[in-house]
Amino acid sequence: MRSIGIVLMTAILAACSTTPEEEQAPAGVEDRKPGAPGAQSKGVDRPPVASVDLTAGRKSAASMLTDPNSILSKRSIYYDFDKFDVKEEYRPLVEAHARYLRDNPKAKILVQGNADERGSREYNLSLGQKRSDGVKKMMLLLGVREDQVESVSLGEEKPKAEGHDEAAWSQNRRSDILHSGEF
Amino acid sequence: MRRVVFALALAVSACQAFAQLSIEITGAGAQRMPIAILPFAGEAALPAAISTIVRADLERSGLFRPLEIPALNPQPTEASEVSYAEWRSRLADALVLGSVAARPDGRFEVRFRLFDVAKQAPLGGVAYTMARDQARATAHRISDYVYEKLTGEKGVFSTRIAYVVKRGNRYELQIADADGAGAETALASFEPIISPAWSPDGRRLAYVSFENKKPVVYVHSLADGRRHVAANFKGSNSAPAWSPDGSKLAVVLSREGGSQVFQVNPDGSGLRRLASSSAIDTEPVYSPDGQYIYFTSDRGGSPQIYRMPAGGGDAQRITFEGSYNVSPRVSPDGKRLAFVTRNGGRFQAALLDLETRQVQVLSDSDRDESPSFAPNGRMILLATVNGGRGVLAAVSSDGRVKQRLSTTAGDVREPSWGPFTK
């Protein structure tokens with residue numbers, strides 16, 4: 001199930017990586033083929049008009065971040081107790097966001113690390129930082145530019161689950177990825 | 001200047017808080033001095049009876065046992081002849097007499113005298129001129145005077161505490177008298193506020209606010225509500241601590257990776273890294289003589305307390321017992337270290353004698369955080385949980401005297417006891 005998602009994602013990402021916006025086409029004369037052949041109407045000899053949509057690429061890239069069918073809409077990485085490394089099951093998620101950042105060089109993300117409530121608030125802030133730093137490090141290894149990622153920590157201050165048991169704590173040991181416009 | 005103006009929108013200066021802290025005494029000292037504090041003649045004209053506040057202050061210290069004295073006629077004042085034999089028969093060791101008089105200019109004159117009944121000697125007295133709304137502050141001054149004369153150490157009744165109240169999704173940084181009364185909100189926000197730290201002169205607070213979706217260190221002037229950024233570098237900025245002379249802040253930054261201790265001027269200039277480790281270093285705090293910085297580090301595999309020279313250099317491990325020792329605070333005399341230790345699943349405030357290396361657990365609760373010494377070193381204020389609600393607790397350094405400060409309107413946390421007021 002997960003691997004299908006990844007394949008789909010890869011396809012979508014590949015499509016998205018050739019958007020006109022990315023190509024920085026020169027203004028003026030466009031060296032472009034007409035639209036799809038089937039689009040021409042019969043009997044009327046009209047010169048074809050090829051549409052160049054500079055907004056399309058951005059729109060689709062941005063909407064993928066929130067499209068529930070896109071892995072890019074998945075933003076949370078969860079951790080075991082006292083653990084800081086990205087677990088195997090979250091690697092595809094980090095890789096997808098890394099690919100998005102590579103394909104959209106102007107895009108930036110904020111990685112917010114979180115910790116469960118037990119113990120010192122400031123120490124927990126540092127534990128959250130260790131988690132978000134881990135996500136950032138992995139993204140840099142995947143070719144993301146340093147200035148595209150900021151890793152910060154919310155410590156235990158913004159719990160996703162309010163309870164005081166392991167069920168809640170496991171939800172709160174987490175890194176969240178926020179894209180430009182979301183922070 | 002611009003940033004100050006925008007910041008003012010967030011800062012709610014001198015806004016009277018909805019929720020006052022109520023205080024409850026849950027433990028007292030073994031030996032308490034019996035003291036008679038008589039009603040001050042004329043104090044009914046004031047919004048708060050001075051003698052009542054003095055009595056409550058001294059009782060709360062855990063070192064005094066105020067006596068119940070029936071109404072006397074005529075009511076003695078500081079000018080009265082004192083019959084030591086009479087007060088001896090009432091089992092008082094000390095006696096406070098006073099009076100309040102309205103002045104023609106609308107202000108009041110408050111006078112009191114303190115007597116040592118056992119030694120049959122007057123110990124002194126003071127006259128204050130005050131406005132009507134300064135009755136509480138004047139009473140705390142009198143308590144400080146009495147406390148110092150009878151115990152030999154300075155009282156902390158006139159000091160203030162800072163703490164954070166969380167109510168729903170609202171966070172308020174509040175300032176109150178040491179008895180929890182007169183709470184005012186210095187900052188209200190929809191994002192968390194943690195780690196308030198008083199400047200040595202008591203005029204400013206440094207703290208961490210999450211209003212920009214990440215932790216940023218601010219310095220906030222209490223009198224006018226002006227605040228400015230002291231540390232907002234890439235990554236997280238947290239754990240501010242003032243140097244004893246107020247000229248520097250130690251902060252923890254992740255700008256160069258990990259959580260590491262830096263030093264910065266309170267205006268945000270002069271950044272300097274103090275130490276380099278591949279581990280978490282956080283919660284720095286200066287020793288009172290300014291020589292050392294104590295901090296929490298997990299460089300040895302578990303979080304423990306270390307210290308290094310304040311200008312940076314080799315660190316020395318301070319705590320050894322247990323696998324989780326955090327949040328160091330040095331006592332004002334530099335001889336003891338309050339911190340939080342984990343015993344099993346319980347997080348408890350503890351005190352380490354830096355000379356004898358003896359550790360004493362101070363509390364029997366299990367979610368203690370953020371210890372903070374009173375400026376005379378006698379009490380330690382901390383955050384804990386009682387009945388599922390965040391409350392503040394104060395405990396004496398011998399563990400006997402205990403108080404609880406709570407509000408029914410929310411969770412109280414992140415206490416910090418302010419310095420002596422000049």
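Read the figures in this text as sums done on the coordinates, not as results from a lab. The structure presented is a predicted model; accordingly, all values stated were derived computationally and were not measured. So basically every Cβ, Gly included, is an ideal-geometry build from the backbone, and we count neighbours across all protein chains shown.
How much of the calculated P(r) for region B:132-192 lies past 16 Å, in percent of all Cα pairs?
54
The B:I25 and B:K335 beta-carbon pair, evaluated with R₀ = 35 Å, returns a calculated FRET efficiency of approximately 0.85. Considered as an equivalent ellipsoid built on the Cα gyration tensor, region B:149-260 has semi-axes of 27, 18, 11 Å, the largest given first. Against the empirical curve 2.2 N^0.38 Å, the C-alpha radius of gyration of region B:342-422 lands at a ratio of 1.11.
Using unit Cβ charges (K, R positive; D, E negative) and no other charged atoms, how large, in debye to the nearest 20, is the dipole of the protein assembly as shown about its Cα centre?
On the way: 77 positive and 72 negative charges, 108 e Å.
Roughly 520 debye for the protein assembly as shown.
Each Lys and Arg adds +1 at its Cβ and each Asp and Glu adds -1 at its Cβ; summed about the Cα centre, region B:28-172 shows a dipole of about 520 debye. Considering region A:134-183, its Cα convex hull presents a mean projected area of 4.3 nm². The percentage of C-alpha pairs in region B:324-372 whose separation is greater than 13 Å is 50%. With the simple spin-label model, which puts each label point 7 Å out from Cα in the Cβ direction, the A:F81 to B:D353 separation comes to 3.5 nm. The convex hull built on the alpha-carbon positions of region B:301-389 has an orientation-averaged projected area of 6.8 nm². Over the residues of the protein assembly as shown, the helix contribution to mean residue ellipticity at 222 nm works out to -6000 deg cm²/dmol, using -39500 (n - 2.57) for each DSSP H run of at least 4. Pairs spanning more than 18 Å between alpha-carbon atoms, out of A:K160/B:K166; B:K166/B:K248; B:K214/B:K234; A:K74/A:K160; B:K154/B:K248: B:K166/B:K248; B:K154/B:K248. With only Cα atoms counted, region B:219-325 has Rg and Dmax values of 14.0, 45 Å.
Peptide A:113-121 has a mean of 5 when you count, residue by residue, the C-beta atoms of other protein chains within 10 Å of its C-beta. GNM on chain B, alpha-carbon springs under 10 angstrom: the most fluctuating residue among B:R357, B:R65, B:R342 is B:R357. Calculated FRET efficiency, B:R273 to B:A181, Cβ-Cβ distance, R0 = 60 Å: about 0.90 to the nearest 0.05. Along each principal axis, taking the top coordinate minus the bottom one, the Cα set of chain B gives 73, 52, 39 Å in descending order.
Among the GluC sites (Glu not before Pro) within region A:129-183, those in coil by DSSP and having at most 10 neighbouring Cβ atoms inside 10 Å are A:E162. Loop exposure criterion: GluC sites (Glu not before Pro), DSSP state outside H, G, I, E and B, at most 10 other Cβ atoms within 10 Å. Applied to chain B, the longest stretch between such sites is B:82-354. What is the local net charge at B:L249, summed over the other residues whose Cβ is closer than 12 Å to its Cβ (Lys, Arg +1; Asp, Glu -1)? Computed value for this residue: +1. Evaluated on region B:265-319, the Kirkwood hydrodynamic radius is 11.7 Å, with distances taken between all distinct Cα atoms. Return the single residue from B:V330, B:V82, B:V216 with maximal mean-square fluctuation; model: Gaussian network over chain B, springs between Cα atoms under 10 Å. Between B:V330, B:V82, B:V216, it is B:V82 that shows the largest mean-square fluctuation.
Membrane-span-like helices in chain B, defined purely by DSSP H runs whose alpha carbon atoms cover 30 Å or more axially and whose average Kyte-Doolittle hydropathy reaches 0.0, do not occur.
All distinct Cα pairs of region B:228-289 go into the 1/r average, and the inverse of that average, the Kirkwood radius, is 11.6 Å.
Of the residues B:F115, B:A230, A:L65, the one whose Cα sits farthest toward the positive end of the charge dipole of the protein assembly as shown, with +1 on the Cβ of Lys and Arg and -1 on the Cβ of Asp and Glu, is A:L65. Whole-Hz Karplus values for region B:277-291 come out as 9, 8, 10, 7, 10, 7, 6, x, 8, 6, 6, x, 7, x, 7 Hz, taken residue by residue from phi with 6.51 cos²θ - 1.76 cosθ + 1.60 and θ = phi - 60°; glycine and proline positions read x. Within the listed set B:M130, B:M379, B:M308, the Gaussian network model of chain B (springs between alpha-carbon atoms below 10 Å) gives the highest mean-square fluctuation for B:M130. Rg ratio for the protein assembly as shown: its Cα radius of gyration over 2.2 N^0.38 Å, N being its residue count, equals 1.22. Considering only the other residues whose Cβ falls under 12 Å of the Cβ of B:K402, what net charge follows from Lys and Arg at +1 and Asp and Glu at -1? Once positives and negatives cancel, what remains is 0. Taken along the Cα-to-beta-carbon direction at a fixed 7 Å, the label points for B:E148 and B:S302 span 4.4 nm.
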